[in-house]
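Report on one structure; see the data block that follows.
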Amino acid sequence: MSAPAYAPYDVPGYIGALRREGELLAAAAERAGMGAAVPSCPDWAVRDLLKHTGYVHRWAAGLDEAAPDLDCWAFLAAPSPLAFWARRQAHETAVHRADAEQAAAAATQGALDGPADGSAGLAGGPAFEPAFAANGVDELIMGFLARNISRGGWPGLDGSLAIHAADGADGAADWLVRGGSEAPGVSRGTGPAGCDVTGSARDLYLTLWNRRPLDGLQVHGDPSILAAFARALRITW
């Protein structure tokens with residue numbers, strides 16, 4: 001697997017996104033309250049979300065001062081360990097910021113209407129810069145999913161899935177998840193597929209990271225392929 005294309009984000013760009021998303025996460029958690037349920041992370045309250053995020057950040061602390069030639073463990077292909085951790089922490093924080101935003105929305109709705117059913121806030125979600133959101137989709141597909149396939153931990157699909165981010169030059173990108181009669185695999189770009197799904201980079205980012213339902217995406221072909229993909233790559237942390 002080739003290293004991901006990081007443009008237009010570099011290490012300072014990722015660290016800037018990490019700082020921004022961290023501040024937004026903290027503000028949303030304060031609005032929600034420590035005991036509020038997190039709809040996208042079953043069995044978690046906001047305090048659990050913050051404990052998890054804090055642990056990860058303490059483990060990977062010091063990114064801003066790290067030397068470019070930092071030599072440390074990384075678990076996905078990247079131009080360097082520093083680039084890997086800057087990217088990983090930026091998206092880890094952004095996805096959990098979405099969790100905190102949903103918890104705040106659910107808590108507010110519950111206060112207005114009585115006990116919530118746990119689904120409040122899932123249909124919408126926060127805004128993200130298109131290029132950053134497309135980068136997060138790329139990390140999921142070309143990083144995590146590619147790793148699962150290489151390790152034999154991916155059940156595969158009955159057909160291929162083409163994913164299209166349609167945000168113009170700032171967020172346009174394509175990915176292909178191969179399945180069916182072909183050996184499982186992923187690639188950037190497009191090709192023949194049994195199902196094509198198109199949406200904004202932001203909607204794809206939140207949906208594929210399991211922070212938003214499939215509603216609102218344009219689906220052509222066999223929708224069961226997309227549904228099977230969502231079930232097999234279900235992320236709840």
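Taking amide H as placed 1.01 Å from N in the peptide plane, SER160 has its amide H under 5 Å from the amide H of GLY179, GLY194, CYS195, each at least 5 places away in sequence or on another chain.
Of the residues SER160, SER200, ranked by 1.4 Å probe accessible area with the largest first, the sequence reads SER200, SER160. On a per residue basis, the chain carries 46 Å² of accessible surface, using protein heavy atoms and a 1.4 Å probe. Computed over the chain, the per-residue total of -39500 (n - 2.57) for DSSP H runs of n ≥ 4 gives a 222 nm mean residue ellipticity of -14000 deg cm²/dmol, rounded to 500.
Spatial offset of segment 166-237 relative to segment 72-89 amounts to 24 Å, using the alpha carbon center of each. Taking θ as phi - 60° and the Karplus parameters 6.51, -1.76 and 1.60, the scalar couplings of segment 167-181 work out to 10, x, 5, 6, x, 6, 6, 9, 9, 10, 9, 7, x, x, 6 Hz in sequence order, x denoting glycine and proline. Using a Förster distance of 30 Å, how high is the FRET efficiency between HIS52 and ALA127, based on the Cβ-Cβ distance and rounded to 0.05? That pair, HIS52 with ALA127, gives E of 0.80.
In this structure HIS164 has an accessible area near 30 Å², from a 1.4 Å probe over the protein heavy atoms. Computed over the chain, relative contact order equals 19 percent, with contacts defined as Cα pairs under 8 Å that lie 6+ residues apart. Residues in segment 212-217 carry Karplus couplings, in order, of 6, x, 6, 4, x, 7 Hz; the curve used is 6.51 cos²θ - 1.76 cosθ + 1.60 with θ = phi - 60°, and Gly or Pro positions show x.
Shown in residue order for segment 77-84 are the 3J(HN,Hα) couplings computed by the Karplus curve 6.51 cos²θ - 1.76 cosθ + 1.60 at θ = phi - 60°: 4, 7, x, 6, x, 5, 4, 4 Hz (x for Gly and Pro). Close amide H pairs (under 5 Å, H built 1.01 Å from N) link GLY185 with ARG178, residues at least 5 positions away or on another chain. Note on the chain: with neighbouring protein chains present and a 1.4 Å probe, carbon and sulfur make up 55 percent of its accessible heavy-atom surface. Note on surface exposure: GLU30, GLU129, GLU23, GLU139 rank GLU30, GLU23, GLU129, GLU139 by accessible area, highest first, 1.4 Å probe. Overall shape: rounded for segment 141-237, with the ratio a/c of the largest to smallest alpha carbon gyration tensor axis below 1.5.
The values are calculated or read from the model by the stated rules, or taken from the named source; none is laboratory data. Quantities reported herein were computed from a predicted structural model and do not represent experimental measurements. For neighbour counting, all protein chains shown are included, and Cβ atoms are generated from backbone atoms with ideal geometry for every residue, glycine included. Calculation scope for accessible area: heavy atoms of the full protein, side chains included, ligands and nucleic acids excluded. Shrake-Rupley method; radii C 1.70, N 1.55, O 1.52, S 1.80 Å.
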